[in-house]
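The values are calculated or read from the model by the stated rules, or taken from the named source; none is laboratory data. Everything numeric here is computed off the predicted structure, so don't read it as measured data. Using ideal geometry, Cβ is built from the backbone for each residue, glycine included, and neighbour counts are taken over all protein chains shown.
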Amino acid sequence: MNDKSVLVTGCSSGLGLATALELAARGFRVFATMRELTRRGELEAQAAQRGLTIEVLPLDVTRPETIDAAIATIIERSGTLYGVVNNAGVALRGFFEDLTEEEIRHVFETNVFGTMAVTRAALPHMRAAREGRIVIVTSVGGRQGVLALTGYCASKFALEGFGEALMQEVKPFGIAVSLVAPGITPTPIWDRSIAKNALNPDSPYHALFLEYRRMVQKVMRGATVTPEAVGQSIGDILMAERPQLRYLIGWRPKLLFALRRYLPGESFDRAYTWLVLRRVQGRARSTKTPQAELTP
């Protein structure tokens, strides 16, 4: 048991909610944040059911004033901040030409600049304490590009680079940085992530996107990585004496990157692209999609 304070962003559902509950169960003093406090009900209900205490604060990673207010409240209540779990994020599904500039910028504002803003606000307190843990939830899509996730993958690749460089900068102050890349996890983030133009029947990518969506739905039904498993892994990282920089969660991503490690670069890229396009492009050519399929 311990009483170290940890800030977790994006806790209204999914990975953030599961992580907040897991950390509270391990004895951390958890400050769970979310953009809209009206969505706190599920977290508080599950915490009460398990006899856990979690303090809920408003925080929108795209609004610096809410970040500063949340950090100030944590320091006022606990005196220090040991850990930050940067989980808040949004997804965006659609082929690149079907994505608007506004949609892509929104993804970067939330996933990249939001994570940077929260980390920047927390670091002075960690440096003063000469200890700390920063966990950044990225994605397999931050290490391997995936079609129809162009904007999302770009944001997660940016986080991988940010975390790797930051680790080198803050290590002399006793602060560890870890990048957590879960495999496909069935969370609400995917339910509201389809780009506005992705289902436009006039798009040259329309048939490809519909087949891609069917493929993802099938993979989701067989997903083996749960939000709870991710929360447990993050708990282990925060309690590790010497946490690693990178963690993969789930057998699928571990198998994927094992193959990537042992196959020459071009060979892996060609094989991966062939496999994905074979599943998407082949069926898209042979399947005539009824109009009813156009609704998300």
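Annotations for the structure displayed:
- So Ala20, is it small (Gly, Ala, Ser), modelled with pLDDT of 95 or more and touching a Ser or Thr at 6+ places or on another chain (Cβ under 8 Å): no
- The lone criterion from (1) in contact (Cβ under 8 Å) with a residue 24 or more places away in the chain; (2) farther than 30 Å from Gly250 by Cβ; (3) surrounded by fewer than 21 Cβ atoms within 10 Å (Cβ to Cβ) left unmet by Ile71 is number (3).
- Residue match in the range 84-106 (condition: assigned to a strand (DSSP E or B), polar (S, T, N, Q) and either buried (at least 18 other Cβ atoms within 10 Å of the Cβ) or more than 16 Å from the chain's Cα centre (by Cα) (or both)): yes
- Against the conditions (1) within 30 Å of Phe173 (Cα to Cα); (2) among the acidic types (Asp, Glu); (3) free of Cβ contacts under 8 Å to residues at least 12 places away in the same chain, Glu102 satisfies every one except (1).
- Residue list for the range 157-194, restricted to those being of a type in the set (Asp, Glu) and touching a Phe, Trp or Tyr at 6+ places or on another chain (Cβ under 9 Å): none
- Test result for Glu266, free of Cβ contacts under 8 Å to residues at least 24 places away in the same chain, outside any helix (DSSP H, G or I) and out of contact with any strand residue (DSSP E or B) (no Cβ under 9 Å at 6 or more places or on another chain): no
- Criterion: at pLDDT 95 or above and in contact with a strand residue (DSSP E or B) (Cβ under 8 Å, 6 or more places away or on another chain) - qualifying residue of Leu99, Leu81: Leu81
- Residues in the range 246-263 that are farther than 26 Å from Gln232 by Cα and not in a helix (DSSP H, G or I): 1 in all.
- When each of Arg26, Arg63 is tested for being over 29 Å from Ala158 (Cα atoms) and modelled with pLDDT of 95 or more, the lone residue that passes is Arg26.
- Residue within the range 140-154 that is surrounded by fewer than 18 Cβ atoms within 10 Å (Cβ to Cβ) and within 27 Å of Phe28 (Cα to Cα) present: no
- Output for the range 31-82, where each listed residue is among the β-branched types (Val, Ile, Thr) and part of a strand (DSSP E or B): Thr33, Ile54, Val56
- Meets criteria (under 28 Å from Ala91 (Cα atoms), modelled with pLDDT of 95 or more and among the basic types (Lys, Arg)) for Arg35: yes
- Filtering Val230, Val180, Val225 for residues that are in a strand (DSSP E or B), of a type in the set (A, V, I, L, M) and in contact (Cβ under 8 Å) with a residue 12 or more places away in the chain leaves a single hit, Val180.
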